[in-house]
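For reference, the structure discussed in these notes is given below.
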Amino acid sequence: MTDLRQEAEAIADQFSEHLDIDVDEVEARLDTLVSEYKIPVEEARRSVTNHYLEEADMDRNELGRGGNAEVELAEIDAAEQWVDLTTKVIDLWEPRSDSIAQVGLLGDASGRMKFTKWAKSELPELDEGGVYRLENVVTDEYQGQYSVKLNRTTTITELDEELEVGDDTTEIEGALVDIQSGSGLIKRCPEEGCTRVLQNGRCSEHGEGEGEFDLRIKGVLDDGREIQEVIFNQEATEDVAGIGLEEAKQMAMDALDTTVVADEIRAKILGQYYRVTGPTFGRYVLADEVEELGGPADAEETLIKARSI
Ligand SMILES: [Zn+2]
């Protein structure tokens, strides 16, 4: 299904209780604006929605009620689903781009999930610790990790109630038996809302780009019975490998090669034992806390075991 078709269905859905709308007609209107007049999809959606609001003699804030499933965060297992949530804002992060108004972490009894709110959508500010009913948000997925996006059609209602947030933290212990490609000094796409890692200077979505340096480790922990993939972010990487971003950039510059950073990290930490605590996203545990354990640190023995997996 094309993006426009999806947009058209979402718009038609919103009016399902008010107007008899043909999805093909909505799609044709969107297509005219986007293809012929080169209007961005977001704006085309607003324009087409306004057209039907007028036709139905409705106000924008009457939209977005009904039609969507009310879900808990842990139930979200597909991208591009339109859902309603009752959720608490656990954490707000610094947006990486002007096009993002707010980005952070939502939580409910079932778990936690990243959210993004676009600047263009002109929605009210969410407060950290606030409990909200969010109607008409759309799900997204990247590398098995789900998130939700608040857009122009989203309605936000602040609720005067407490919401218990579930703890989806996992704790694992084991030897670091492998460091995967994509570790060390990497570059991320600087495009709005995109943090994809560039491959040979290209983002799979946005093509060639400058990129912003970041530091991470994609590793494999082995507890003797099973293996678990873990991701150490910049902070955790600095903790375990003792290499900061600036130092990593300097190393890469001196060697005219970014792979020296991963090599250096590998030499320092492969075979070490760690206790890692953090949330599970897809097949990864994201290392919020890392503790080095004094366990056997015989890299050779560990590697022999790793090869036998
Ligand atoms: Zn990108």
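The values are calculated or read from the model by the stated rules, or taken from the named source; none is laboratory data. Just so it is clear, the structure is predicted and the values come from calculations on it, not from any experiment. So basically every Cβ, Gly included, is an ideal-geometry build from the backbone, and we count neighbours across all protein chains shown. Accessible surface areas use protein heavy atoms only, side chains included; no ligands, DNA or RNA. Shrake-Rupley method; radii C 1.70, N 1.55, O 1.52, S 1.80 Å.
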Worksheet item: Which residue out of GLY193, GLY242, GLY211, GLY207 is in contact (Cβ under 8 Å) with a residue 60 or more places away in the chain and on the phi > 0 side of the Ramachandran plot?
Response: GLY193
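Could you pull out the residue among GLN199, GLN234 that is open to solvent by 30 Å² or more (accessible area, probe 1.4 Å), polar (S, T, N, Q) and without any contact (Cβ under 8 Å) to a residue 12 or more places away in the chain? Show your work before the answer.
Values: GLN234 fails: without any contact (Cβ under 8 Å) to a residue 12 or more places away in the chain.
Within the list GLN199, GLN234, the selection yields GLN199.
Could you say which residue among ASP239, ASP178, ASP127, ASP167 is over 27 Å from GLY111 (Cβ atoms), more than 16 Å from the ligand (Cβ to nearest atom) and open to solvent by 60 Å² or more (accessible area, probe 1.4 Å)? Step through it out loud before you land on a result.
Numbers: ASP239 fails: over 27 Å from GLY111 (Cβ atoms); ASP127 fails: over 27 Å from GLY111 (Cβ atoms); ASP167 fails: over 27 Å from GLY111 (Cβ atoms).
Residue meeting the stated conditions: ASP178.
Are any residues in the range 187-221 β-branched (Val, Ile, Thr), away from the ligand (no atom under 13 Å from the Cβ) and out of contact with any Ser or Thr (no Cβ under 7 Å at 6 or more places or on another chain), and if so, which ones? Please lay out each step first, then the result.
Restricting attention to the range 187-221, the residues satisfying the condition of being β-branched (Val, Ile, Thr) are 195, 197, 217, 220.
Then drop every residue that is not away from the ligand (no atom under 13 Å from the Cβ), which leaves 217, 220.
Scanning the range 187-221 gives a single hit, VAL220.
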Fill in: So GLY224, is it open to solvent by 20 Å² or more (accessible area, probe 1.4 Å) and within 16 Å of the ligand (Cβ to nearest atom)
no
Discussion item. Being in a helix (DSSP H, G or I), of a type in the set (Gly, Ala, Ser) and open to solvent by 50 Å² or more (accessible area, probe 1.4 Å) is the filter here; which residues of the range 9-58 pass it?
Written reply: ALA28, SER35, SER47
Worksheet entry | Residue list for the range 82-114, filter: open to solvent by 40 Å² or more (accessible area, probe 1.4 Å) and within 11 Å of SER147 (Cα to Cα) | ARG112, LYS114
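Results for (1) part of a strand (DSSP E or B); (2) open to solvent by 40 Å² or more (accessible area, probe 1.4 Å); (3) not aliphatic (A, V, I, L, M), shown as yes or no for each residue.
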| residue | (1), (2), (3) |
| --- | --- |
| THR116 | yes, no, yes |
| ASP140 | yes, yes, yes |
| SER147 | yes, no, yes |
| GLU161 | no, yes, yes |
